[in-house]
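Undergrad: I'd like to ask some things about the structure below.
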Amino acid sequence: VQLQASGGGLVRAGESLRLSCAASGRAFSNRAVGWFRQAPGKEREFVAAIRWNTGSTIYEDSVKGRFTISGDNAKNTVYLQMNNLKPEDTAVYYCAYSRSYYYGGRSPNEYDHWGQGTQVTVSS
């Protein structure tokens with residue numbers, strides 16, 4: 001499966017963005033799709049993930065209540081709605097597909113298909 005992330009941009013603190021992760025090649029199945037982010041000089045960190053067949057979700061603590069991950073089966077696309085953005089959310093955001101049904105947690109090592117990344121910049 002190939003992943004295409006889009007939707008990043010430059011916004012002010014408190015504003016919103018919606019990121020999209022579209023799959024091609026084959027449809028998402030019973031695995032998980034995750035969003036990660038990487039700021040300059042920092043390691044890639046988990047943001048949120050959704051298990052495609054059940055819709056169950058997990059979030060990193062700092063984004064709970066502000067970010068929402070969701071999926072559109074008809075469009076084979078996962079979204080990350082980001083509200084009340086903060087300067088510390090500035091990073092390149094990546095979507096990823098888990099290695100198998102048994103993976104899909106918070107570690108990047110659990111994912112083996114990655115999109116190209118989309119830049120999110122939040123000014124204060």
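The values are calculated or read from the model by the stated rules, or taken from the named source; none is laboratory data. A quick note: this is a predicted structure, and the numbers were derived from the prediction, not measured. Neighbour counts run over all protein chains shown; Cβ positions are idealised from the backbone, glycine included. When the accessible area is computed, the model is the full protein with side chains, heavy atoms only, and any ligands, DNA or RNA have been set aside. Shrake-Rupley method; radii C 1.70, N 1.55, O 1.52, S 1.80 Å.
Undergrad: Residues of the range 63-78 being more than 18 Å from ARG37 (Cα to Cα), among the small types (Gly, Ala, Ser) and over 13 Å from the mean Cα position of the chain (by Cα), which ones?
TA: Of everything in the range 63-78, just one residue is more than 18 Å from ARG37 (Cα to Cα), among the small types (Gly, Ala, Ser) and over 13 Å from the mean Cα position of the chain (by Cα), namely ALA74.
Undergrad: Take the residues in the range 10-51 that are without any contact (Cβ under 8 Å) to a residue 60 or more places away in the chain, touching a strand residue (DSSP E or B) at 6+ places or on another chain (Cβ under 6 Å) and assigned to a loop (DSSP other than H, G, I, E, B); name whichever of them is most open to solvent (accessible area, probe 1.4 Å).
TA: Per the stated criteria, the residue is GLY25.
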